[in-house]
Amino acid sequence: MKIHEYQAKKIFQDFGVEVPRGIVADTPQSAANAYSELGGSVAVVKAQIHAGGRGKGTIKEHPDQHGVELVRSTQETADVAGRLLGHTLVTVQTGPEGQVVRRVLVEEGCDIARELYLGIVVDRAAARPVLMASSQGGMDIEKVAAETPHLIFHKAFDPSVGLMPYQARKLAQKLELAGTSVRAADRFMRALCRVFVDNDCSLVEINPLVVTGGGELLALDAKMNFDDNALFRHGEFAALRDLSEEEPAEVRAGEEGLSYVKLDGNIGCLVNGAGLAMSTMDLIKLHGGEPANFLDVGGGANVHQVTEAFRILLADGNVKAVLVNIFGGIMRCTTIAEAILAAYKSVGFNVPLVVRLEGTEVQEGRRILAESGVNIIGAEGLTDAAKKVVAAATA
């Protein structure tokens with residue numbers, strides 16, 4: 001689950017991580033009022049969308065307008081906000097379709113002496129979180145990793161005790177901080193690690209983290225992603241979710257208990273089990289096709305869920321064929337066969353359907369489909385199924 005920058009900064013503040021003063025606005029006038037309330041001579045207007053690269057991104061309707069702009073008056077603030085709000089921002093992370101800007105963050109300017117980078121992710125090899133730091137703040141961290149990896153420093157830490165002071169000091173030394181900035185970095189880094197652990201995050205990132213002229217550290221940006229598997233522990237996060245920033249089909253699937261991710265291909269996939277779903281997608285690509293989605297209906301899907309899965313798949317206009325790949329372990333093949341036929345009666349299949357069944361009661365499941373009178377392409381084995389669905393999609 002992703003949240004907006006202004007929401008992440010509120011959580012940062014609650015944990016003692018320093019951020020600039022800012023006010024959220026959803027109209028040009030409220031943005032101008034925010035500028036006045038902040039009271040400085042310089043402010044920043046920042047588009048709030050769930051994507052990075054906003055500073056370099058451009059508005060489709062106003063190509064000379066970027067997603068992050070300096071402003072020096074109430075009128076300029078209103079003008080910039082007017083070109084952002086309700087318009088589509090295209091960044092390297094949104095793709096060419098972009099995302100509509102529905103709110104902006106008006107933030108006070110600050111005295112920037114240096115720009116750094118901080119990020120926290122889970123290192124699966126080390127089985128613990130790792131704090132990453134770089135002196136190359138303000139740049140795409142992927143570019144830094146590719147071109148100057150020696151400028152990225154990291155410290156894994158025990159989540160039960162957090163980042164230790166000596167670890168923070170070592171990172172501060174690597175970043176060539178000195179004097180009051182070292183003490184500020186110690187407080188800042190340890191507080192940020194508490195943010196990550198206490199909120200069950202999968203990602204926390206600040207780019208840039210600025211060192212002010214007075215030697216203090218300030219989170220000029222903030223990105224937070226929560227681990228979906230831990231959301232049951234954080235009921236308060238439900239209010240932070242912005243459904244307008246999410247793919248509607250993915251939201252709908254989640255409400256039905258389905259794991260669905262929309263992709264750019266033309267072959268719909270309905271599979272039980274995440275590993276089998278990924279293998280199915282790999283085989284489709286191996287034989288020249290492109291999957292339109294990842295969809296795991298789980299081991300205990302019922303008729304209603306399978307029907308809804310077909311509705312979601314077939315609502316995608318790009319889908320030219322569908323592959324159903326089921327291994328009957330917990331789920332019986334007879335159950336999935338009956339669910340497919342029930343879905344056919346309810347939804348109707350307007351594209352070729354390839355079905356591969358294996359496992360519990362497989363022969364009976366295949367017989368049910370074969371005698372149904374529904375135009376279904378049977379497959380023996382996953383390779384056969386992949387070849388047939390690719391051929392059907394390109395016919």
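Values for this structure:
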{"item": "Test for Ala8: is it of a type in the set (A, V, I, L, M, F, W, C), over 26 Å from Ala191 (Cα atoms) and outside the structural domain of Leu217 (by TED's automatic domain parsing)", "result": "no"}
{"item": "Within segment 53-85, considering residues that are assigned to a loop (DSSP other than H, G, I, E, B) and buried (at least 19 other Cβ atoms within 10 Å of the Cβ), the one farthest from the chain's Cα centre (by Cα)", "result": "Gln65"}
{"item": "Of all residues in segment 249-260 being in a helix (DSSP H, G or I) and more than 14 Å from the chain's Cα centre (by Cα), the one that is surrounded by the most Cβ atoms within 10 Å (Cβ to Cβ)", "result": "Ala253"}
{"item": "Residue within segment 273-281 that is part of a loop (DSSP other than H, G, I, E, B), under 14 Å from Met331 (Cβ atoms) and either modelled with pLDDT under 90 or out of contact with any strand residue (DSSP E or B) (no Cβ under 9 Å at 6 or more places or on another chain) (or both) present", "result": "yes"}
{"item": "Lone qualifier among Leu203, Leu295 - being in contact (Cβ under 8 Å) with a residue 40 or more places away in the chain, closer than 30 Å to Asn350 by Cβ and of a type in the set (A, V, I, L, M, F, W, C)", "result": "Leu295"}
{"item": "Gly300 being at positive phi and surrounded by fewer than 21 Cβ atoms within 10 Å (Cβ to Cβ)", "result": "no"}
{"item": "Residues within segment 206-246 that are in a strand (DSSP E or B) and over 13 Å from the mean Cα position of the chain (by Cα), tallied", "result": "10"}
{"item": "Hits in segment 21-44 - residues which are crowded, with 18+ Cβ neighbours inside 10 Å and closer than 18 Å to Gly138 by Cβ", "result": "Val44"}
{"item": "Residue match in segment 38-45 (condition: part of a helix (DSSP H, G or I), out of contact with any Cys (no Cβ under 8 Å at 6 or more places or on another chain) and over 30 Å from Val261 (Cβ atoms))", "result": "yes"}
{"item": "Hits in segment 1-25 - residues which are under 22 Å from Gly82 (Cβ atoms) and over 23 Å from the mean Cα position of the chain (by Cα)", "result": "Gly22, Ile23, Ala25"}
{"item": "Residue that is farthest from Ile3 (Cα to Cα), among those in segment 21-31 that are touching a residue at least 60 places away in the same chain (Cβ under 8 Å) and not in a helix (DSSP H, G or I)", "result": "Arg21"}
{"item": "Evaluation of Arg367 against (1) surrounded by 17 or more Cβ atoms within 10 Å (Cβ to Cβ); (2) free of Cβ contacts under 8 Å to residues at least 24 places away in the same chain; (3) not acidic (Asp, Glu) (one fails), failing number", "result": "(1)"}
{"item": "Hey, Ala337 of a type in the set (A, V, I, L, M), in contact with a helix residue (DSSP H, G or I) (Cβ under 8 Å, 6 or more places away or on another chain) and free of Cβ contacts under 8 Å to residues at least 40 places away in the same chain or not", "result": "yes"}
{"item": "Residue in segment 247-281 that is nearest to Gly95 (Cα to Cα), counting only those that are of a type in the set (Asp, Glu) and in contact (Cβ under 8 Å) with a residue 12 or more places away in the chain", "result": "Asp264"}
{"item": "Selected residue (only one of Ala34, Ala47 is under 11 Å from Tyr6 (Cα atoms) and either modelled with pLDDT of 95 or more or not assigned by TED's automatic domain parsing to the domain that holds Arg72 (or both))", "result": "Ala47"}
{"item": "Those helices (runs of 4 or more DSSP H) lying entirely in segment 288-389 with at least 2 residues under 18 Å from Cys269 (Cβ atoms)", "result": "303-314, 333-346"}
{"item": "Those residues of segment 1-20 which are surrounded by 15 or more Cβ atoms within 10 Å (Cβ to Cβ), outside any loop (DSSP other than H, G, I, E, B) and not aliphatic (A, V, I, L, M), in sequence order", "result": "Lys2, Glu5, Tyr6, Gln7, Lys9, Lys10, Phe12"}
{"item": "Segment 94-152: number of residues that are assigned to a loop (DSSP other than H, G, I, E, B), surrounded by 14 or more Cβ atoms within 10 Å (Cβ to Cβ) and out of contact with any helix residue (DSSP H, G or I) (no Cβ under 7 Å at 6 or more places or on another chain)", "result": "9"}
{"item": "Complete set of residues in segment 233-259 that are under 15 Å from Val297 (Cα atoms) and of a type in the set (Ser, Thr, Tyr)", "result": "Ser259"}
{"item": "Checklist (1) among the aromatic types (Phe, Trp, Tyr); (2) surrounded by fewer than 20 Cβ atoms within 10 Å (Cβ to Cβ); (3) without any contact (Cβ under 8 Å) to a residue 60 or more places away in the chain applied to Phe237, failing item", "result": "(3)"}
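The values are calculated or read from the model by the stated rules, or taken from the named source; none is laboratory data. As the structure is a computational prediction, the values presented were derived from the model and not from experiment. Cβ coordinates were reconstructed from backbone atoms using ideal geometry, including for glycine residues, and neighbour counts include every protein chain displayed.
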